[in-house]
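*Asks:* Got a structure for you, written out below as structure tokens; questions coming shortly.
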Amino acid sequence: MNKPGILICTVGTSLFQPNLEALKKDLANDRLKPEYRLLAEAYQRGDWPRVAKALYALPADDRVCGAEINSIASMVEKQYIPMDCGLFFLHSSTDKGRDIAAILRHYYRDKGHAPVETVEVEDLQDEDPKRFRTKGLRNLARHICRIVRERSAAACAINATGGYKAQIAVAVLLGQALGIPVFYKHELFSEIIAFPPMPVALDFEVWMRASGMLYDLERTSDPVPASIYAGEWLETYESLVERVPIDGQDYLELSPVGQIFHATFHERFRTDRSQVLPPKALQKHPPRLEKAGWPGEHPEVEAFMKKVTDEVDPVVRCETFYFNPDLPQRTRFRCGAQGIEGIYSDGRFTVKFRVESTAETPGEQAAVVASLNEWLSRRQT
């Protein structure tokens, strides 16, 4: 079996508290071993390269070295990973997180690992539990998915030993979804616990149907009124979002599970799109607009529908059926009661239009919706 060449590691604070803090308190003790004294003095000065060098002089399984070094050494010893594997350290958005990540970067670069990178996870902190839950864990999932996408699932594994306990649950779920192994070492256990990838029941068609909402929630940092998605809501979407009450109304944010679900299937759609999409339209037709006064006032709507038709292969034609001059919406595509619907808004007015395509089954319609939302996401980034 091939060993993963990239290990993605969550980072905690055990190296500082209690380990190096306890050593610092022992500096007045004449019986403190010289190697520990050097380490404590470097820590007291905040000299992170020297801390890394002092740690390098200790056995990697010494508990003073902290959860990250202990667990990586154990994984190397068990031959789960190569001795010089690449390392990505995902640390909290705190001063301690940044400092410990800097020490680990110096330590493992001196050891000959390559690459060795540190990644700050925005909003992963312990001062605001709500921000940690709704944004920090989402960002953790997003960064892990990005690294796996760039390096390939076959090359990656996750070490979820360091950091907040909630990260372990996120890491295990990510491992299952992305098909990569997850490792964990408890401080009281000598053995590494491995969570191998297993088949899990994640529904690709649910993602394709929900893709408009998921892309929309992913690209905003603000909660979105739940009423916006009422016309397309399915009960299966509930675990993908966090509900936030604001002024007596329900608002939605993407949950960590939703972030994992979206990132996993977004990547799968990129590679499997040819297997799920209906054939390319052999004939394309110009947009049809309602016989009303508004089209002349908003030529950008017709231009947008023409781009949809020209640039998304299975689309045959777009035809408007609704206009509201005073109702802002969020531009996206969805599966409607009468087929595929597009929603276009500039934040002032809303136009809805039907999208005629080569799709012949509900599954093919869902795939076209996903393709349209992917196209829209590329335009908006």
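The values are calculated or read from the model by the stated rules, or taken from the named source; none is laboratory data. The structure displayed is predicted, hence computed values, not measured ones. With ideal geometry, Cβ positions are generated from the backbone for all residues, glycine too; neighbour counts draw on all protein chains shown. In case anyone asks, the SASA skips ligands and DNA or RNA and just uses the protein heavy atoms, side chains included. Shrake-Rupley method; radii C 1.70, N 1.55, O 1.52, S 1.80 Å.
*Asks:* For the stretch 299-316, give me the residue count where each residue is buried (at least 20 other Cβ atoms within 10 Å of the Cβ) and assigned to a strand (DSSP E or B).
*Replies:* Of the residues in that region, 1 qualify.
*Asks:* Could you identify the single residue in Arg138, Arg109, Arg142 that is crowded, with 22+ Cβ neighbours inside 10 Å and among the charged types (D, E, K, R)?
*Replies:* Result of the check over Arg138, Arg109, Arg142: Arg138.
*Asks:* Another question, if that's okay. Which members of the stretch 28-84 meet the condition of being touching a strand residue (DSSP E or B) at 6+ places or on another chain (Cβ under 6 Å) and surrounded by fewer than 17 Cβ atoms within 10 Å (Cβ to Cβ)?
*Replies:* none
*Asks:* Can you name every residue in the stretch 220-245 that is open to solvent by 20 Å² or more (accessible area, probe 1.4 Å), more than 20 Å from Glu341 (Cβ to Cβ) and either in contact (Cβ under 8 Å) with a residue 40 or more places away in the chain or not acidic (Asp, Glu) (or both)?
*Replies:* Listed by number, the residues that qualify are Thr220, Ser221, Pro223, Ser239, Glu242, Arg243, Pro245.
*Asks:* Under the condition of being in contact (Cβ under 8 Å) with a residue 24 or more places away in the chain and assigned to a strand (DSSP E or B), which residue from the stretch 246-283 is most open to solvent (accessible area, probe 1.4 Å)?
*Replies:* Ranking the candidates gives Gln249 first.
*Asks:* Any residue at all in the stretch 87-94 that's open to solvent by 30 Å² or more (accessible area, probe 1.4 Å) and either at pLDDT 95 or above or touching a helix residue (DSSP H, G or I) at 6+ places or on another chain (Cβ under 6 Å) (or both)?
*Replies:* No, every residue in the stretch 87-94 fails to be open to solvent by 30 Å² or more (accessible area, probe 1.4 Å) and either at pLDDT 95 or above or touching a helix residue (DSSP H, G or I) at 6+ places or on another chain (Cβ under 6 Å) (or both).
*Asks:* Kindly establish whether Phe333 is in contact with a helix residue (DSSP H, G or I) (Cβ under 6 Å, 6 or more places away or on another chain), open to solvent by less than 20 Å² (accessible area, probe 1.4 Å) and in a helix (DSSP H, G or I).
*Replies:* The answer is no for Phe333.
*Asks:* Within the stretch 107-134, how many residues turn out to be of a type in the set (Asp, Glu) and in a strand (DSSP E or B)?
*Replies:* 2
*Asks:* If you don't mind, there's one more thing I want to ask. Within the stretch 19-67, work out how many residues are in contact (Cβ under 8 Å) with a residue 40 or more places away in the chain and in a helix (DSSP H, G or I).
*Replies:* 15
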